[in-house]
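Engineer: A single structure is presented below for examination.
The values are calculated or read from the model by the stated rules, or taken from the named source; none is laboratory data. As the structure is a prediction and not an experimental result, all values here were calculated from the model. Every residue, glycine as well, gets a Cβ built from its backbone with ideal geometry; the counts of neighbours run over all protein chains shown. These area figures cover heavy atoms from the full protein model, side chains too; ligands, DNA and RNA do not enter into them. Shrake-Rupley method; radii C 1.70, N 1.55, O 1.52, S 1.80 Å.
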Amino acid sequence: GSRTFEIDGFPRNSDNLRGWDEAMADVADVGGVLFYDCSLDTMRARILKRGETSGRIDDNEQAAVKRFKTYEDATRPIVDHYASLQKLLTV
């Protein structure tokens with residue numbers, strides 16, 4: 001029978017998507033993509049709050065802004081791709 005599984009945080013960029021499509025086209029069908037929509041302000045606040053206890057040196061405002069820029073440049077086009085295929089579920 002068929003199996004259903006979740007892949008978290010992938011693909012993150014166009015290279016990941018190409019690799020997935022090449023390797024998995026005959027193996028798996030992407031039934032949908034779950035997208036957690038989050039503003040820069042919300043992400044920044046969550047990262048700074050986590051930084052209070054995480055011990056991670058990259059849980060700071062500068063890193064939050066950099067992560068969001070990386071998301072906009074590299075990941076957002078992947079989100080848009082799955083939206084164009086009507087496979088995006090936004091939360």
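Engineer: Name the residues whose placed amide hydrogens come within less than 5 Å of the amide hydrogen of residue 33, ignoring near sequence neighbours (fewer than 5 apart) on the same chain.
Structural biologist: 88, 89
Engineer: Work out how far the C-alpha atoms of the chain reach from end to end along every principal axis, then list the three figures in whole Å, largest first.
Structural biologist: Between the extreme Cα coordinates on each principal axis of the chain lie 46, 26, 23 Å.
Engineer: Tell me, what is the per residue accessible area of the chain in Å², probe radius 1.4 Å? Write out the running numbers ahead of the final one.
Structural biologist: Details: 7090 Å² over 91 residues.
On a per-residue basis, the chain sits at 78 Å².
Engineer: Would you work out which of 36, 64, 53 lies farthest towards the positive end of the dipole of the range 32-74, given +1 charges on the beta-carbon of Lys and Arg and -1 on that of Asp and Glu, about the Cα centre?
Structural biologist: So the residue we want is 53.
Engineer: Next question, about the same structure. With everything on Cα atoms, drop me the angle between helix 61-70 and the longest principal axis of the chain, reported from 0 to 90° to the nearest 10.
Structural biologist: 20
Engineer: For Cα pairs less than 8 Å apart in space and 6+ apart in sequence, what is the mean separation divided by the residue count of the chain, i.e. the relative contact order in percent?
Structural biologist: Working: 60 pairs, mean separation 40.7, N = 91.
With pairs under 8 Å counted, the relative contact order is 45 percent.
Engineer: Only sites in a loop by DSSP and with at most 12 other Cβ atoms within 10 Å count here; which trypsin sites (Lys or Arg not before Pro) in the range 1-72 make the cut?
Structural biologist: Numbers: sites: 3, 12, 18, 44, 46, 49, 50, 56, 66, 67, 69; in loops: 3, 12, 56.
Sites meeting the loop and neighbour criteria: 3, 56.
Engineer: To the nearest 20 Debye, how big is the dipole of the chain about its Cα centre, given +1 on the beta carbon of each Lys and Arg and -1 on that of each Asp and Glu?
Structural biologist: Working: 13 positive and 16 negative charges, 65 e Å.
It comes to approximately 320 debye.
Engineer: Taking loop as defined by DSSP and a crowding limit of 16 other beta carbons within 10 Å, which chymotrypsin sites (Phe, Trp or Tyr not before Pro) in the range 3-73 fit? Present the calculation step by step, with values, prior to reporting the outcome.
Structural biologist: On the way: sites: 5, 20, 35, 36, 68, 71; in loops: 5, 36.
Answer in residue order: 5, 36.
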